[in-house]
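Everything on this sheet refers to the single structure shown next.
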Amino acid sequence: MSRFQPTDLNALERAQASPAALNQGLWAVLSNSLVTKAKVDSFNLETGEYRVVLQGTLDLVEEKSEKL
């Protein structure tokens with residue numbers, strides 16, 4: 001299995017990503033993280049619009065040891 005690279009984070013910001021593509025990208029980030037947390041930043045009851053902030057620490061240990 002290939003490791004998630006920090007440069008892959010840019011792919012999450014693509015405009016108009018399908019929910020399936022975003023799900024796959026977020027799963028890659030979360031499953032390659034040591035620590036994660038989520039915060040619901042805002043939610044609009046009238047429109048259903050929401051904003052969720054994810055914060056975590058990627059597991060970069062294997063990436064460093066692979067270069068040796």
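Bear in mind these aren't lab numbers, they're just calculated from the coordinates by the rules spelled out. Nothing here was measured: the structure is a model prediction, and the numbers come from that model. Using ideal geometry, Cβ is built from the backbone for each residue, glycine included, and neighbour counts are taken over all protein chains shown.
Computed from the Cβ-Cβ distance with R0 of 22 Å, the FRET efficiency linking ASN23 to TYR50 stands at 0.90. Out of all Cα-Cα pairs in the range 6-67, roughly what percent, to the nearest whole number, are more than 18 Å apart? Result: 47 percent of Cα pairs exceed 18 Å.
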